[in-house]
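As structure tokens, the structure follows; a few thoughts come after it.
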Amino acid sequence: MIKNLILTWVLFFLLADCNDSYLRESTNVSNVKKKYDKVLVVAHTKDNVARIRAEGLVVNELGLRKVIAESSVDIIKTEKFSKEMSEDEIKTLVSQLVDAGFSGVLITNVINTEQYKDVIPGGSNVGYQSPQYGRFGEYYSYYPATSWEPDRIETAVDYTVETCLYDITATKQDNLQWVGRFKLKNPGDIKEAIAQYSKELADALIAQSIKP
């Protein structure tokens, strides 16, 4: 019984370790949960391919949780990201979004990329030569062949991603509703990383800020 219990806990921690969460911290700034008519999903990047993929996955995950959302690709052009918008331009954009039925805007930025190095320790490998039992000399000279591998250095990159949810129908100046920060540690497959981030983001929003 005790052995089975210990084995269960070991498996639990091993599985938990294999599925590390990207979400590091999040907070509901407004302290309320509300339903949005429609949420505009914005991935703040100049790479249109990455933007389409990221926004599409977030829209899909929110849709699975009964939240109406749309990608910003056809609404906000890439060049708008490369310059600071004036107050009048922001007011015009917000007015256009509200007229189009949006009440929430979800914006994602990569706020930091950090390169780091991991040292992978080397070691020795021992391979035994096959002995020849029929001859004394060959058997006598039977010995292990040892090869040494040096330490190697692997370079990797961590991405820190921040996502903010705004209520653009709020009358007060500060309309930030929710903030989440994610850390993608050396993603081997960026497509899979974005997919996991999208799921965790949608789960966190439903749990903390958005009513389906």
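What pairs come up if the first residue lies in the stretch 186-212 and is within 15 Å of K35 (Cα to Cα), the second is surrounded by fewer than 20 Cβ atoms within 10 Å (Cβ to Cβ) and of a type in the set (V, I, T), and their beta carbons are under 7 Å apart, counting only those six or more places apart or on different chains?
Here the result reads P212/I206, each pair linking the stretch 186-212 to a residue that is surrounded by fewer than 20 Cβ atoms within 10 Å (Cβ to Cβ) and of a type in the set (V, I, T).
For the stretch 30-39, check the following and say yes or no: at least one residue is crowded, with 19+ Cβ neighbours inside 10 Å, under 22 Å from A207 (Cβ atoms) and at pLDDT 95 or above. Talk me through it step by step, then tell me what you get.
Step one: list which residues in the stretch 30-39 are crowded, with 19+ Cβ neighbours inside 10 Å, which gives 36, 39.
Still in the list and also under 22 Å from A207 (Cβ atoms): 36, 39.
Cutting the leftovers down to at pLDDT 95 or above gives us 36, 39.
Yes, that holds for at least one residue.
May I ask you to list the residues in the stretch 98-114 that are of a type outside the set (D, E, K, R), exposed (fewer than 15 other Cβ atoms within 10 Å of the Cβ) and modelled with pLDDT of 90 or more?
Residues satisfying the conditions are V98, A100, G101.
Within the stretch 71-78, is even one residue modelled with pLDDT of 95 or more, closer than 19 Å to V179 by Cβ and surrounded by 15 or more Cβ atoms within 10 Å (Cβ to Cβ)? If you could, list the steps in order and put the result at the bottom.
Our first condition is that a residue be modelled with pLDDT of 95 or more; within the stretch 71-78, this holds for 71.
Keeping just the survivors that are closer than 19 Å to V179 by Cβ gives none.
No, the stretch 71-78 contains no residue that is modelled with pLDDT of 95 or more, closer than 19 Å to V179 by Cβ and surrounded by 15 or more Cβ atoms within 10 Å (Cβ to Cβ).
I'd like to verify a number: residues in the stretch 196-212 that are surrounded by 19 or more Cβ atoms within 10 Å (Cβ to Cβ) and either among the hydrophobic types (A, V, I, L, M, F, W, C) or closer than 14 Å to R181 by Cβ (or both), how many?
6
If the requirement is being out of contact with any helix residue (DSSP H, G or I) (no Cβ under 8 Å at 6 or more places or on another chain) and touching a residue at least 40 places away in the same chain (Cβ under 8 Å), which of these qualifies: K33, K38? Walk me through it before giving the result.
Values: K33 fails: out of contact with any helix residue (DSSP H, G or I) (no Cβ under 8 Å at 6 or more places or on another chain).
Checking each option against the conditions leaves just K38.
The values are calculated or read from the model by the stated rules, or taken from the named source; none is laboratory data. What you see is a predicted model; the values in this text were computed from it and never measured. Positions of Cβ are backbone-derived with ideal geometry, glycine not excepted, and every protein chain shown enters the neighbour counts.
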